[in-house]
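Have a look at the structure below before the remarks.
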């Protein structure tokens, strides 16, 4: 199993993806601020560099030089480790996303995917749910009531919407007959994008995906009007930045997953596939995230829970049942 | 349920529509909006058409000021070479712009329309002492309003309105509380300076004899 060449390829690929994710995340903040400004008839950051393109750099420098504050009441270990867990989980989720097909470099076939797990979908769910540990432990470890309340909300919300996420993916898996993301992409290339075959699952997935990444309108864990900043109230400087990066990387990962599961991933009908298609589709979803934030007000906590358990869950289960019946009937 | 979905789509369409609108943002340092006509910004002292200072040194502005930001020291006009149209003029006129709340009461209180609040609002500076605006700066800010100025009467003045306040250091011409006032009494030109130790010369000078005179 151990093969120096494959190991090197994996490491290089991982580094490229991590670097790419972090860069994209930085420019995602710029993109979000500019787009949300346009949606609100504002301009947004346009002074730092051409059209504000150096703004992420300036923000990063600022965060680096901020004081790293650790509250007296905080739990030393949890407080320090929690943001790292969040960031790790967010970055790890991207490992199973197929960025492209198999390319030949100097006679070697290299899959553009860090790890093509046969159970990639399960891994994806595991990684995305790992992120909640970062929020909960950070909120608990801060020793502050707002952090704790934010963490409680985060736990309840992420655990609830995990279910919807899983159910929407289950119907995709039933249709494709594969738990590997590369397999799901291939299945879509040979039939049709699953957004057409599974529109209900797609809507469920998007709602759950937004809730899972704690983005507006499901940003209750960090509802600034109620909880100051939720679970990261006490964090400052680079530790806060890690939560921030984690949120945006999770957003990017979720966009990639949505593109892979429902929009054919790196393939495109009648055209040669490649990473650019995935990037294009991800951009669409990232814009959707921003658009959502610009448009919808935050849900109340009871609305959030009712939406999950009373509306989305029955629809999801029904969708899975119908899908299973149809797939079984067709054979 | 479908109504809700339609309402949702309407919301999304609304935000998209806004992208077509011109941004409401005014890019401040590059583009400066004109303040309203009644905007209360930096004070200006005005002159009459003959070129005399309108201010007659009555100190009503200082009395009206709720934050005690204005200091006026009046002096008698020389009839041959008057500074103002009235009997007296403002020998010192200072506004501490850190204390000022831009309420415009000084403007309302002024009987001769000498002081008005203008449209200028970029008043930031680096040093506290630079925020004490002198008469020259207020009369001709274009020429006399640099960041650093020098005032000849530093440490040579009375307490404000004859009342010991905690404004120590607020005024450029403020002398330490309790210290004897050795300043020549400008308002009683030609008279001997007041006895050493007499405080609050100009403002109280008029008030002091009032008691005995009324008794007579």
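Observations on the model:
- Note on region A:1-104: enclosed helices (runs of 4 or more DSSP H) holding 1 or more residues that are within 30 Å of residue B:20 (Cβ to Cβ) are A:4-39, A:55-64.
- Taken as a whole, the condition of being free of Cβ contacts under 8 Å to residues at least 60 places away in the same chain, in contact with a helix residue (DSSP H, G or I) (Cβ under 9 Å, 6 or more places away or on another chain) and farther than 22 Å from residue A:118 by Cα applies to residue A:203.
- Here residue A:326 meets each of (1) surrounded by fewer than 16 Cβ atoms within 10 Å (Cβ to Cβ); (2) at positive phi with one exception, condition (2).
- Just one of the numbered conditions (1) over 26 Å from residue A:99 (Cα atoms); (2) under 24 Å from the mean Cα position of the chain (by Cα); (3) more than 13 Å from chain B (Cβ to nearest Cβ) is not true of residue A:50: (2).
Table: residues versus (1) more than 14 Å from chain B (Cβ to nearest Cβ); (2) modelled with pLDDT of 90 or more.
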position	(1), (2)
A:186	yes, no
A:189	yes, no
A:198	yes, no
A:216	no, no
A:224	yes, no
A:227	yes, no
A:232	yes, no
A:243	yes, no
A:285	yes, yes
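- Restricting attention to region A:308-331, the residues that are without any contact (Cβ under 8 Å) to a residue 40 or more places away in the chain and under 22 Å from the mean Cα position of the chain (by Cα) add up to 0.
- Condition check for residue A:267: surrounded by 19 or more Cβ atoms within 10 Å (Cβ to Cβ), away from chain B (no Cβ under 14 Å), over 23 Å from the mean Cα position of the chain (by Cα) and in contact (Cβ under 8 Å) with a residue 24 or more places away in the chain: no
- Meets criteria (modelled with pLDDT of 50 or more, within 17 Å of the chain's Cα centre (by Cα), more than 27 Å from residue B:52 (Cα to Cα) and not in a loop (DSSP other than H, G, I, E, B)) for residue B:116: no
- Condition met for residue B:57 (modelled with pLDDT of 85 or more, within 14 Å of chain A (Cβ to nearest Cβ) and either under 16 Å from the mean Cα position of the chain (by Cα) or over 27 Å from residue B:130 (Cα atoms) (or both)): no
- First in region A:292-303 and within 14 Å of another protein chain (Cβ to nearest Cβ), second anywhere and surrounded by 19 or more Cβ atoms within 10 Å (Cβ to Cβ) and outside any loop (DSSP other than H, G, I, E, B), Cβ under 6 Å, 6 or more apart: A:294/A:39; A:294/B:15; A:295/B:15
- Which numbered condition residue B:33 misses (of (1) under 27 Å from residue A:32 (Cα atoms); (2) more than 7 Å from every other protein chain (Cβ to nearest Cβ)): (1)
- Failed item, numbered, when residue A:45 is tested on (1) buried (at least 17 other Cβ atoms within 10 Å of the Cβ); (2) more than 14 Å from chain B (Cβ to nearest Cβ): (2)
- Residue within region B:3-26 that is within 26 Å of residue B:131 (Cβ to Cβ) and either out of contact with any helix residue (DSSP H, G or I) (no Cβ under 8 Å at 6 or more places or on another chain) or more than 14 Å from chain A (Cβ to nearest Cβ) (or both) present: no
Quick grid of which residues meet (1) in contact (Cβ under 8 Å) with a residue 12 or more places away in the chain; (2) within 14 Å of chain B (Cβ to nearest Cβ); (3) crowded, with 17+ Cβ neighbours inside 10 Å; (4) over 22 Å from the mean Cα position of the chain (by Cα):
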residue	(1), (2), (3), (4)
A:63	yes, no, yes, yes
A:68	yes, no, no, yes
A:102	no, no, no, yes
A:144	yes, no, yes, yes
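- With respect to the stated conditions, residue A:160 is modelled with pLDDT of 85 or more, surrounded by fewer than 22 Cβ atoms within 10 Å (Cβ to Cβ) and in contact with a helix residue (DSSP H, G or I) (Cβ under 9 Å, 6 or more places away or on another chain).
- When region A:292-319 is filtered for residues that are in contact with a helix residue (DSSP H, G or I) (Cβ under 8 Å, 6 or more places away or on another chain), surrounded by fewer than 19 Cβ atoms within 10 Å (Cβ to Cβ) and farther than 17 Å from residue A:220 by Cβ, the ones remaining, listed by number, are A:313, A:315, A:317.
- Filtered by the rule that a residue be within 11 Å of another protein chain (Cβ to nearest Cβ) and closer than 16 Å to residue A:60 by Cα, region A:26-42 gives no residues.
- Checked against (1) modelled with pLDDT of 50 or more; (2) within 19 Å of residue B:66 (Cα to Cα), residue B:140 meets all criteria but (2).
The values are calculated or read from the model by the stated rules, or taken from the named source; none is laboratory data. Because the structure is a prediction, the values reported are computed rather than measured. Positions of Cβ are generated from backbone atoms using ideal geometry, with glycine treated the same way; all protein chains shown enter the neighbour counts.
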